[in-house]
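The values are calculated or read from the model by the stated rules, or taken from the named source; none is laboratory data. Bear in mind the structure is a predicted one, so any value in this text is a computation, not a measurement. All Cβ positions, even for glycine, are placed from backbone atoms using ideal geometry, and neighbour counts span all protein chains on display. In case anyone asks, the SASA skips ligands and DNA or RNA and just uses the protein heavy atoms, side chains included. Shrake-Rupley method; radii C 1.70, N 1.55, O 1.52, S 1.80 Å.
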Amino acid sequence: MHGYSRLGISRSNGGVSSPPSSPRFRHGRTKTGGGGGFGAGGGGGGGGGRGQKLHSFVERVMFVFVSAVFRRRGLLLFAPLRWWRRGGGGGGAETQPPGSVYRSPEVFEKLWAFMEGESNRSHNALMTVWHPKPHQSWKPCVNQRISAAELPKSNGYFIIEANGGLNQQRLSICDAVAVAGLLNATLVIPMFHLNSVWRDSSKFGDIFDEEFFIYALRNNVNVIRELPGDVLQRFDNNISNIVNLRLKAWSSPTYYIQKVLPKLLQKGAVRVAPFSNRLAHAVPSDSQSLRCLANFEALRFSDPIRMLAENMVDRMIKNSSESGEIYFSASSDMVAFSCCMYDGGEEEKHEMDIARERGWRGKFNKRGRIIRPGAIRMDGKCPLTPLEVGMMLRGMGFDNTTSVYVAAGKIYKAERYMAPLRQMFPRLETKDTLASPEELAPFKGHSSRLAALDYTVCLHSEVFVTTQGGNFPHFLMGHRRYLYGGHAKTIKPDKRKLALLFDSPDISWDNFKSQMQDMLRHSDSKGSELRKPSSSLYTFPMPDCMCKQAETGIDNGNTTKLD
């Protein structure tokens, strides 16, 4: 029996080519080192010669240990030893490398008087922040690129389990739509895995509009709510009995045709759990178009989420008067995951260790893993604190009349870290200030639903600020490009440069402002980037999901409406 592929890729009897490796592992990572563990100076009340001897002994032990670990991978790494010699181990009194220590409160203390002097100005950066180029304007054109021909007979049922937080689930859903189209399979509404970090038991229909999702994809992929009874009966009414295919990350379309399609035809149904990053970025245009359709058109939030989110957006606009709004994200989970250290000392380190073990059991305690917060900060991998975001925005020209919305779950020691941000921007809003306790009650305990509220409010802001990595800012940047003519309207800070600037207590206000305004201009110039072959269309929807305005010839008629 020969299965029909929607892309017309023939099945081969030859060997199956391996899928490409994850883009995250195609380039060497910066090896970051870890915290204390080694004492400085030598052990007790001996003389100088004895202390130096012990110091050399510890160095030799450390060298042998690191060499043994990395020789197994064909590497001999000297950086951790060199870093420790320079004081990176946390025990020495030597000067830390520039940018490796959190000194932002000291910078704020010096610059605050200058910020106060420029408050309540007649000109706010929001008035001139973006300069989109008219000749580079883009419009959504997904429906123009997808044929509406009648769907052929299905090859079977495709079942996936989406894991992670809201936007990791979103990625899995959209990739599953593309795979279902590729295999000419019927997609069963995805199941959600209960994640140890987000701990949200929500189902698909609690977060997304299930009926609209099925309707919007009706001409391209057949989607059903659950397996038909007669099919499930073949598996003893237990979905776990359906073969679970363990696919490699970033698998190519050819891999799916040669490995998954035969199983689908043989069994009538296949399951992939978990289904996270299981489809390559580079796929044929038909599959890319299905990704576009699923993410930007078919996936809309459920009615309870949309209704409250729209009310929050309206209230935000009303509260902001004529100044506009800025939104950014700050989450204690991301701080813990980053392994960065701020100014909380041993108490902070202990609490972050507990948070990491609770959310990512054992991931950060693997044998041989060395964590060095200073190196992470210098590499620009530390999430910005609310204080740092506030200083950056004031330096860019946003004054204290600007409304700021903080999109976050639980903020670590919120009262302490939010106070200076509120000092710089009194019009500070969160979910709890824009919605009443009664309105938020149905969402409490459901992190993905709360994240959907933040996502919607951020999506409709005048400015969005990325403060950390992860799917949340990447999906938002792409969605904002899709809505705003191809421009992300997003400030993407250079966190390596910021690490150096925030570690410079003697910096002048004029110098700081000049650096911040250069950073803002750079974000503006990068707002309309096209997707590169190794990049995700969820962040860069042009040119796969959008057409240049001159090419469309019409206004955006791409929105799918439910009659």
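Looking only at the stretch 396-432, count how many residues are over 25 Å from the mean Cα position of the chain (by Cα), under 25 Å from Ala125 (Cβ atoms) and part of a helix (DSSP H, G or I).
5
Here are Ile371, Ile376, Ile326: which of them is open to solvent by 30 Å² or more (accessible area, probe 1.4 Å) and not acidic (Asp, Glu)? I'd like the intermediate steps shown before the answer.
Details: Ile376 fails: open to solvent by 30 Å² or more (accessible area, probe 1.4 Å); Ile326 fails: open to solvent by 30 Å² or more (accessible area, probe 1.4 Å).
It is Ile371.
All but one of (1) open to solvent by 40 Å² or more (accessible area, probe 1.4 Å); (2) touching a residue at least 40 places away in the same chain (Cβ under 8 Å); (3) over 28 Å from Lys110 (Cβ atoms) hold for Arg427, so report the exception by its number.
If we test Arg427 against (1) open to solvent by 40 Å² or more (accessible area, probe 1.4 Å); (2) touching a residue at least 40 places away in the same chain (Cβ under 8 Å); (3) over 28 Å from Lys110 (Cβ atoms), just (3) comes out false.
Could you list all residues from the stretch 397-418 that are of a type in the set (A, V, I, L, M), open to solvent by 10 Å² or more (accessible area, probe 1.4 Å) and in contact (Cβ under 8 Å) with a residue 40 or more places away in the chain?
Step one: list which residues in the stretch 397-418 are of a type in the set (A, V, I, L, M), which gives 404, 406-408, 411, 414, 418.
Next, from what is left, pick out any that are open to solvent by 10 Å² or more (accessible area, probe 1.4 Å): 408, 411, 414, 418.
Correct list: Ala408, Ile411.
Mind telling me which of the residues Leu562, Leu537 ends up being open to solvent by less than 20 Å² (accessible area, probe 1.4 Å) and either modelled with pLDDT of 95 or more or over 30 Å from Pro97 (Cβ atoms) (or both)? Steps first, answer last, please.
Values: Leu562 fails: open to solvent by less than 20 Å² (accessible area, probe 1.4 Å).
Criteria check complete, one pass: Leu537.
Among the numbered criteria (1) of a type outside the set (D, E, K, R); (2) farther than 20 Å from Gln168 by Cβ; (3) modelled with pLDDT of 95 or more, which single criterion is violated by Ser302?
Going through the list (1) of a type outside the set (D, E, K, R); (2) farther than 20 Å from Gln168 by Cβ; (3) modelled with pLDDT of 95 or more, Ser302 breaks only (2).
For the stretch 215-238, how many residues are touching a helix residue (DSSP H, G or I) at 6+ places or on another chain (Cβ under 9 Å), surrounded by fewer than 18 Cβ atoms within 10 Å (Cβ to Cβ) and among the aliphatic types (A, V, I, L, M)?
Counting residues in the stretch 215-238 that are touching a helix residue (DSSP H, G or I) at 6+ places or on another chain (Cβ under 9 Å), surrounded by fewer than 18 Cβ atoms within 10 Å (Cβ to Cβ) and among the aliphatic types (A, V, I, L, M) gives 2.
Conditions (1) in a helix (DSSP H, G or I); (2) open to solvent by 10 Å² or more (accessible area, probe 1.4 Å); (3) farther than 23 Å from Phe540 by Cα; (4) at pLDDT 95 or above, marked per residue:
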{"position": "Phe464", "(1), (2), (3), (4)": "no, no, no, no"}
{"position": "Gly469", "(1), (2), (3), (4)": "no, yes, no, no"}
{"position": "Phe472", "(1), (2), (3), (4)": "yes, yes, no, no"}
{"position": "Phe475", "(1), (2), (3), (4)": "yes, no, no, yes"}
{"position": "Gly478", "(1), (2), (3), (4)": "yes, no, no, yes"}
{"position": "Ala488", "(1), (2), (3), (4)": "no, no, no, no"}
{"position": "Lys497", "(1), (2), (3), (4)": "yes, yes, yes, yes"}
{"position": "Gln515", "(1), (2), (3), (4)": "yes, yes, yes, yes"}
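Is it true that Ile257 is touching a residue at least 40 places away in the same chain (Cβ under 8 Å), over 21 Å from Leu476 (Cβ atoms), open to solvent by less than 10 Å² (accessible area, probe 1.4 Å) and in contact with a Ser or Thr (Cβ under 8 Å, 6 or more places away or on another chain)? It would help to see each step written out before you state the result.
Values: touching a residue at least 40 places away in the same chain (Cβ under 8 Å): yes; over 21 Å from Leu476 (Cβ atoms): yes; open to solvent by less than 10 Å² (accessible area, probe 1.4 Å): yes; in contact with a Ser or Thr (Cβ under 8 Å, 6 or more places away or on another chain): yes.
Here the answer is yes, as Ile257 does meet what is asked.
State whether one or more residues within the stretch 431-452 are closer than 28 Å to Glu118 by Cβ and without any contact (Cβ under 8 Å) to a residue 40 or more places away in the chain. Talk me through it step by step, then tell me what you get.
At the first step, the residues of the stretch 431-452 found to be closer than 28 Å to Glu118 by Cβ are 433-434.
Narrowing further to those that are without any contact (Cβ under 8 Å) to a residue 40 or more places away in the chain: 433.
Within the stretch 431-452, one or more residues are closer than 28 Å to Glu118 by Cβ and without any contact (Cβ under 8 Å) to a residue 40 or more places away in the chain.
Could you tell me which numbered condition Gly268 fails, if it satisfies all but one of (1) closer than 30 Å to Lys139 by Cα; (2) in contact with a Phe, Trp or Tyr (Cβ under 9 Å, 6 or more places away or on another chain); (3) of a type outside the set (A, V, I, L, M, F, W, C)?
(1)
Checking Trp130 against (1) open to solvent by 10 Å² or more (accessible area, probe 1.4 Å); (2) modelled with pLDDT of 95 or more; (3) among the aromatic types (Phe, Trp, Tyr), which test does it fail?
Among (1) open to solvent by 10 Å² or more (accessible area, probe 1.4 Å); (2) modelled with pLDDT of 95 or more; (3) among the aromatic types (Phe, Trp, Tyr), the lone unmet condition for Trp130 is (2).
May I ask you to say which residue of Leu308, Leu264, Leu290 is part of a helix (DSSP H, G or I) and touching a strand residue (DSSP E or B) at 6+ places or on another chain (Cβ under 7 Å)? Please lay out each step first, then the result.
Values: Leu308 fails: touching a strand residue (DSSP E or B) at 6+ places or on another chain (Cβ under 7 Å); Leu290 fails: touching a strand residue (DSSP E or B) at 6+ places or on another chain (Cβ under 7 Å).
Of the residues listed, the single one that is part of a helix (DSSP H, G or I) and touching a strand residue (DSSP E or B) at 6+ places or on another chain (Cβ under 7 Å) is Leu264.
Hey, among the residues in the stretch 152-170 that are in a strand (DSSP E or B) and of a type in the set (A, V, I, L, M), which one's farthest from Phe301 (Cα to Cα)?
We begin by selecting, within the stretch 152-170, every residue in a strand (DSSP E or B); these are 157-162.
Of the ones still in play, those that are also of a type in the set (A, V, I, L, M) are 159-160, 162.
Values: Ile159: 21, Ile160: 20, Ala162: 16 Å.
By that ranking, first place goes to Ile159.
For the stretch 264-314, which positions are open to solvent by 40 Å² or more (accessible area, probe 1.4 Å) and among the basic types (Lys, Arg)?
Within the stretch 264-314, Lys267, Arg278, Arg300, Arg306 meet the criteria.
For residues that are open to solvent by less than 30 Å² (accessible area, probe 1.4 Å) and aliphatic (A, V, I, L, M), scanning just the stretch 341-368, find the one that is farthest from Ser104 (Cα to Cα).
Ala355
Looking at Asp175, Asp209, which is the one that is of a type in the set (Asp, Glu), in contact (Cβ under 8 Å) with a residue 40 or more places away in the chain and within 29 Å of Gly362 (Cβ to Cβ)?
Values: Asp209 fails: within 29 Å of Gly362 (Cβ to Cβ).
None of the other options fit; the residue is Asp175.
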